[in-house]
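This is the structure I want to talk about, given as structure tokens.
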Amino acid sequence: MAGKRDFSEFNAKLEKHIERLPDYAQRAQEKLQKYLPPQGEGAKPSSSGRPVPRPPVAPRRPMKMNMSSALSSVPIPVVNEVRTKWEAWNDPSAKHERRKVRASRVMTLWIVLTILCGLYAALVFTGALGVFVAGALVQKAIMPVLGVVLFGTLSVRSGARLHQLKKVELPASTKPVPLPAASSAAREPMERLAESEATLRELLKQLSSPTTLGTTAIPEVSVADARATAAEAAAALRALAERIVAIERARNASPASERVALDQAIATLREQLDDGMHGFGLLVAAAGYAVGASSGGLSASKQALTDATDHLAGLAMALRELS
């Protein structure tokens with residue numbers, strides 16, 4: 001037809017090349033085998049007769065990830081909450097409290113059963129159940145009497161176990177307290193607080209250790225007071241840091257027009273947090289002075305430790321009132 005090109009010759013050549021595609025693939029495979037031998041075989045010689053080394057292949061390392069690391073790497077609030085609850089459930093102090101609760105409940109059960117058996121035995125012996133024959137009376141009362149003896153024994157054993165559990169003193173938890181996010185204004189003070197707590201714990205341990213004469217450089221009452229005050233102040237500071245984190249979350253979810261006021265609130269709380277950290281640092285410094293003081297300067301160090309403890313106690317009280 002006029003005006004139209006004839007593609008018959010082009011189609012014939014195309015079909016010819018398509019039919020020869022398997023031959024092309026076979027030739028390419030043979031040439032490739034000269035340079036890359038199959039897996040498990042050595043290097044094959046090339047056309048020149050010299051072996052061609054196989055390029056090294058970096059071994060693949062298997063990816064190992066347990067469930068805890070997988071959960072910690074996923075920034076999902078629900079996952080973090082579940083992980084926190086699971087860790088709190090497995091905490092040694094929480095387990096110890098559950099043991100005490102179970103022992104108390106079991107003891108209460110045995111006591112109740114002992115009382116019921118005692119009441120039943122009393123009713124039998126008083127004739128309130130209508131039994132007056134001696135043989136029948138003994139036969140009727142033998143089961144409640146045995147119940148009183150059995151359940152009473154179990155009650156005593158449960159009470160002794162509960163008493164032992166209450167006397168157990170668990171060691172202080174060495175698990176680090178979770179820190180706020182790196183972008184939070186409370187992160188840096190909380191890092192300093194964790195370091196200061198570890199330092200103060202070691203200093204107070206040195207102060208409470210007896211000397212060669214069997215006495216301590218600082219009275220144990222002062223050391224215990226400083227330790228308790230530091231724990232209360234640390235709890236108050238962490239509560240203040242949690243308030244900062246909560247306000248930061250509210251700021252991130254608020255419109256731009258409301259963020260200025262929230263930033264001012266965060267700055268105010270950060271100043272209060274810095275004041276509390278300053279007081280905590282004074283207590284750490286006073287404990288350090290007391291540890292390093294000579295025999296002639298113990299009285300001054302003792303007074304400095306007392307003053308720092310009182311100052312930190314006042315700060316902790318003020319922080320608790322604010323929170």
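Please treat every number below as a calculation from the coordinates, not as lab data. As the structure is a prediction and not an experimental result, all values here were calculated from the model. As a convention, Cβ positions derive from the backbone with ideal geometry for all residues, glycine included, and neighbour counts pool all protein chains shown.
Kindly state, to the nearest 0.05, the FRET efficiency for LEU170 paired with GLN26, given R0 = 56 Å and r defined as their beta-carbon distance.
Working: r = 76 Å, r/R0 = 1.35.
The value I calculate is 0.15.
Set the Förster distance to 56 Å, then compute FRET efficiency between GLU97 and LEU14 from the Cβ-Cβ distance, nearest 0.05. Kindly include the intermediate steps, with their values, before the conclusion.
Values: r = 83 Å, r/R0 = 1.48.
Working from the Cβ atoms, E equals 0.10.
Taking the radius of gyration and the Kirkwood hydrodynamic radius from Cα positions alone, what is the Rg/Rh ratio for segment 141-283, to two decimal places? Walk me through the intermediate numbers first.
On the way: Rg = 25.0 Å, Rh = 19.6 Å.
Rg divided by Rh gives 1.27.
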